[in-house]
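Here the structure is laid out as structure tokens; the discussion comes afterwards.
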Amino acid sequence: MLDDVATKLKFRDRIEQNPALKHSYKVGVGIVGFLVLGAGIVMIPLPGPGWLVVIAGLAILSTEFEWAERLLKFTKRNVLAWTRWVARQSLWVRMLIGLATLAFVYGVIVVTLHITGVPHWVPDWVPLWR
């Protein structure tokens, strides 16, 4: 849909005609794409829509970079394969995967708080490294 709008506005044509604008646009897309991608990578082990944001960052980068388009296809294919595989498993296997994920997320949070320091507003009874 955005490609149709860009085509009607001749957005890409105007960028392609001006080498300085083309370079600046590519750098801008790279910066925004890597910021979104980095935020998504941070969110993968932490609570949040990590993989969704990673895919959004790769989608932004894929508008200008061929390698990002290949990586986006690879990522989408493997995330979907993992999701389908988990959905086919029995309830106890899915529960074990959920518990392992929960333990991993808790570990990442504890290590992060250990490195950065536990905020003063966290009560002392919360079982975290201090």
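The values are calculated or read from the model by the stated rules, or taken from the named source; none is laboratory data. On a predicted model such as this, the values are computed, not experimentally measured, just so you know. Backbone-built Cβ (ideal geometry, glycine too); neighbour counts: all protein chains shown. In case anyone asks, the SASA skips ligands and DNA or RNA and just uses the protein heavy atoms, side chains included. Shrake-Rupley method; radii C 1.70, N 1.55, O 1.52, S 1.80 Å.
Points to keep in mind about this one:
- Cα→Cβ-extended label distance, 7 Å offset, between Lys22 and Arg77, nm: 3.0
- Taking the chain as the region of interest, the number of lysine pairs whose Cα atoms are within less than 23 Å, with members eight or more places apart or on different chains, is 5.
- Overall dimensions of the stretch 1-109, expressed as equivalent-ellipsoid semi-axes from the Cα gyration tensor (√(5λ), whole Å, largest first), are 37, 16, 10.
- DSSP H segments from the chain that extend 20 Å or more along their own axis, Cα-based, with Kyte-Doolittle mean of 1.0 or above: 19-43, 91-116
- Calculated FRET efficiency, Leu46 to Glu66, Cβ-Cβ distance, R0 = 22 Å: about 0.15 to the nearest 0.05.
- Val105-Arg88 pseudo-label distance in nm [points 7 Å out on the Cα-to-Cβ vector]: 2.6
- With all protein chains kept in place, the per residue accessible area of the chain amounts to 75 square angstrom at a probe of 1.4 angstrom.
- For the stretch 80-121, alpha-carbon Rg over 2.2 N^0.38 Å: 1.65
- Rolling a 1.4 Å probe over the protein heavy atoms of the stretch 1-119, with every protein chain left in place, gives an accessible area that is 72 percent carbon and sulfur.
- Shown here: the stretch 13-69, whose C-alpha atoms stretch 43, 16, 15 Å along the first, second and third principal axes, sorted largest to smallest.
- Expressed as a whole percent, the proportion of Cα-Cα pairs in the stretch 52-130 lying more than 22 Å apart is 55%.
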